[in-house]
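To start, the structure itself, in structure tokens.
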Amino acid sequence: MDVDELVGCFVVEIGVRLAWPYVGFCDNQPSRARETRLYIDAPWSFNELIAEDDDQWLHTARKLNLATIERAWVGGAGELHLVTAEGDRLAISGEATANTVGEPWRFTRWQQT
């Protein structure tokens, strides 16, 4: 998936599934709305606050709920950057750690709603 597709989408869910924090996005710009999830399996930061654990993710990322993505890009080291219309910033490392199972971050396929 091209991360540019996230621009204009809004966050419909945040959570933790098993060991992975996630963010759900909805794109209602096409004639049928569609959704995707971003799974995180690497260090992340939100507004420069560096992650500690899943509880901190749930507490911190709740500010993303219903936020619209204004900018999205992948940096030179594979890190993902998302900026909301309100100016909040989520950054996810592109480098695997000893605990990373697969990719440091990944999206599910778009599903029509």
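The values are calculated or read from the model by the stated rules, or taken from the named source; none is laboratory data. Everything numeric here is computed off the predicted structure, so don't read it as measured data. When we count neighbours, we look across all protein chains shown, and the Cβ atoms used for this are built from the backbone with ideal geometry, even at glycine. Surface areas here come from the heavy atoms of the whole protein model, side chains and all, with no ligands, DNA or RNA. Shrake-Rupley method; radii C 1.70, N 1.55, O 1.52, S 1.80 Å.
This table checks each residue for (1) free of Cβ contacts under 8 Å to residues at least 24 places away in the same chain; (2) open to solvent by less than 70 Å² (accessible area, probe 1.4 Å); (3) closer than 15 Å to Met1 by Cα.
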| site | (1), (2), (3) |
| --- | --- |
| Tyr22 | yes, yes, no |
| Asn28 | yes, no, no |
| Thr36 | no, yes, yes |
| Gln56 | yes, yes, no |
| Asn65 | no, no, no |
| Gly78 | no, yes, yes |
| Glu103 | no, no, yes |
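Matching residues to (1) touching a Gly at 6+ places or on another chain (Cβ under 8 Å); (2) of a type in the set (Gly, Ala, Ser):
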| residue | (1), (2) |
| --- | --- |
| Phe10 | no, no |
| Asp27 | yes, no |
| Ser31 | no, yes |
| Glu35 | yes, no |
| Asn47 | no, no |
| Trp57 | no, no |
(message) If I go through segment 23-36 residue by residue, how many of them are in contact with a Lys or Arg (Cβ under 9 Å, 6 or more places away or on another chain) and at pLDDT 95 or above?
(response) 6
(request) From (1) in contact with a Pro (Cβ under 7 Å, 6 or more places away or on another chain); (2) within 16 Å of Leu38 (Cβ to Cβ); (3) open to solvent by 70 Å² or more (accessible area, probe 1.4 Å), pick out the condition that doesn't hold for Ile92. (result) (3)
